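Worksheet: one structure, shown below.
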Amino acid sequence: MVSELLNTLYVQTQGVYLRLEGDTLRIQHEEITLRNVPLHHLGGLVVFGNVLISPFLLQRCAQDGIEVAWFTESGRFFGRLAPPVSGNVLLRQAQYRALDTPSTRLYLAGRFVEGKLRNSRLVLQRAVRERGETEALVRALAEHEAALRALPQARSLDEVRGVEGNAASAYFAAFGDLLLTEDFSFNGRNKRPPRDPVNALLGFVYALLLTQCTAALEGVGLDPQGGFLHALRPGRNALALDLMEEFRAWWADRLALTLLNRKQLTRKHFEERPGGAVFLNEEGRKVVITAFQNRRQETVQHPLFKEPVPVGLLPHIQARLLARYLRGDLPQYPPFLAR
Amino acid sequence: MDGEDELLTEALEDPGGSQEPLPISALAQYTYCPRRAALILLEGEWEDNEYTLRGARAHEEVDLPEGLLREGVRVERALPLWSERLGLVGRADVVEFLEGVPYPVEHKVGRRWPRELAQRAAEVQLCAQALCLEEMFGLSVPVGAIFSRAERRRREVAFTPGLRAATLATLEALRALLGQERLPPPAADARCKHCSLLAVCMPHLPEALKGLEDGL
């Protein structure tokens, strides 16, 4: 299944032209052919930003059931080619049925939280290995162990959210100890608006990550608003927030810490407004977006498929696994567990 | 609208909070029409019309986040506001600082709403801004102003105990509304004529259906 997913062609080079040449997809840039991809290898085509697709290639994709999805250059989903025969309605029906089935909803909410807990624990453990124990780190690790034991006992969504909440507050109580720079400090999570640079940075990276998770869900035809752990509200991508839990600590928090600890971000990248709201300024946002995009390109060994996978594909893989679970094709949903 | 700008908008609305603060502007929507507030907040509906577009454009003009000095008064535009105590978030069009004391100024575009109602809605919204500013700065904020762009006029509003109580009551009513499953009934009166949600709300439909029934 991953091969199918990995047969998706991701085109991020700006200004290229994709056209049909026999049974081959040809990628051109100003008359020069950059690459030829045989269509029979192709399961999907994902293009970011200014990438042109010829009408004949689009028609062929629709005919052959090759999924085409359009994203902005920064990775926000804005549309998908809907081929005539599509499993999407059945998938969404399965999703809504799962939302209406308390046991399934509880199961999936638990898996998302489990992914979050294990990946957060990994970040804490690494910090202990690299710079030794602190009181808050030890406490946070103990809370995560307790949470992982309590999670399977949870009998309601509120209990799952409670387990997650306890671990999260211990995690953020220790988060300041992960900062190795004197320039910044962290005294707890706040948002809307953030009131210090670290919170401003976290909020921004989470927003970037959320666009990736939303895009990944829309890419497989799931409704990103139909979340299992997060409460449903119009306009709120609750399922994307669910999926994001697996990636928050391992991807977003670590990226934020790296930028601060390596002094790639300094005080001059932040702006404080009267009353105390703090935001990244334009230069700061550029630094973060560049680092975020670079991270998307890096590959990690996938724990399930034992293949190197670009980090940016991980949400897409999780979305596909979730779709497979909801359609009854997989007996369980495996959250992404970093190592 | 690609790249950073679009991402910034989302970053400002840091996702994933459990307790959700209400937007200050919802207080004005509720005062104008509870059903309108419910359509926006519960149903996720938003339709632009001539008036909302004009309003958005006017806000863009003041929506430049920078502080500047004008005749000895420091002016902050598009200032982020919040209150932990009340669970409110928003942005002030303009806050002037007179000797350190915040003075919020809400910009209003036109006369699309019945006058008295529009005035009350703007006052409640402005007062909610003042309550946020009081919490943020630990100062009392006694007055602010509503600036009408159409009339190029500024009207000063005092945050009296009566207005404060009305604002808190509106907030409470708004929370109660969000806790309920159904939409409040339509107003079906003068308010509807210029409402951008007219087509979504269909305020005269219940009457029409009743007429249909009676005719049978």
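The values are calculated or read from the model by the stated rules, or taken from the named source; none is laboratory data. Remember, predicted model here, so these are calculated numbers, not experimental data. Here Cβ is always computed from backbone atoms with ideal geometry, including for glycine, and neighbour counts include all displayed protein chains. For the accessible areas, the whole protein counts, side chains as well, though only heavy atoms, and no ligand, DNA or RNA atoms are used. Shrake-Rupley method; radii C 1.70, N 1.55, O 1.52, S 1.80 Å.
Normalised by the number of residues in chain A, the average gap of Cα pairs under 8 Å and 6 or more apart makes the relative contact order 16 percent. Peptide A:231-240 has a mean of 3 when you count, residue by residue, the C-beta atoms of other protein chains within 10 Å of its C-beta. Counted over segment B:99-160 with a bin width of 5 Å, the fraction of Cα pairs per bin, in whole percents, is 4, 19, 29, 23, 14, 8, 4, 0.
For residue A:16, the amide hydrogen comes within under 5 Å of the amide hydrogens of A:52, counting only partners 5 or more places away or on other chains and with H modelled in the peptide plane.
Hey, got the average number of other protein chain Cβ atoms within 10 angstrom for residues in A:190-198?
5
Distance between the C-alpha centers of segment A:103-120 and segment A:142-182? Whole Å please. Value for the Cα centre distance between the two parts: 12 Å. At the residue level, residue A:96 shows approximately 100 square angstrom of accessible surface with a 1.4 angstrom probe and all protein chains present. Reducing segment A:27-84 and segment A:226-244 to their Cα centroids gives an inter-centroid distance of 28 Å.
Relative to the longest principal axis of the Cα atoms of chain A, the long axis of helix A:88-99 lies at roughly 20 degrees.
The angle between the Cα long axis of helix A:157-175 and the main principal axis of chain A comes to about 70°, on a 0 to 90 degree scale.
Where Lys and Arg each count +1 and Asp and Glu each count -1, what net charge lies around residue A:69 among other residues with Cβ under 9 Å from its Cβ? Every neighbour counted, the sum reads -1. Would you work out what percent of the accessible area of the protein assembly as shown, with all protein chains in place, is carbon or sulfur (probe 1.4 Å)? Here carbon and sulfur together make up 51 percent of the probe-accessible area. With kT/(6 pi eta Rh) evaluated at 37 °C and eta = 0.692 mPa s, and Rh the Kirkwood radius from Cα pairs, segment A:212-288 diffuses with a coefficient of 225 µm²/s according to Stokes-Einstein. Residue by residue, segment A:132-142 carries 3J(HN,Hα) couplings of x, 7, 10, 4, 5, 5, 4, 5, 5, 5, 4 Hz when phi is fed to the Karplus relation 6.51 cos²θ - 1.76 cosθ + 1.60 (θ = phi - 60°); x denotes Gly or Pro. Taking amide H atoms as placed 1.01 Å from N in the peptide plane, the amide H of residue B:145 lies under 5 Å from those of B:105, B:106, B:157, each 5 or more residues away in sequence or on another chain.
If you run the Gaussian network model on chain A, springs between alpha carbon atoms under 10 Å, then out of A:280, A:117, A:232 the most flexible one is A:232.
Counting only DSSP beta bridges whose two residues both lie in segment B:60-201, roughly 85 percent are antiparallel.
Our coupling estimate for segment A:12-18, obtained by passing each phi through the Karplus curve with A = 6.51, B = -1.76, C = 1.60 and θ = phi - 60°, is 10, 5, 7, x, 8, 10, 9 Hz, Gly and Pro reported as x.
Only lysine pairs 8 or more places apart, or on different chains, with alpha-carbon atoms under 24 angstrom apart are counted in chain A, and they number 7. Compared with the dominant Cα axis of chain A, that is its longest principal axis, helix A:197-220 is turned about 30°. Please state the shape class of chain A: rounded when a/c is under 1.5, otherwise prolate if a/b exceeds b/c and oblate if not, all from the C-alpha gyration tensor. Here chain A falls in the oblate category.
Taken residue by residue and averaged, Cβ atoms of other chains lying within 10 Å of the Cβ of A:281-289 number 2.
Translational diffusion of segment A:86-196, estimated by Stokes-Einstein from the Kirkwood radius over alpha carbon pairs at 10 °C in a medium of 1.306 mPa s, is 100 µm² per second. Distant-in-sequence amide contacts of residue A:34, defined by a placed amide H-H separation under 5 Å and a gap of 5 or more residues or a different chain, comprise A:27, A:28, A:29.
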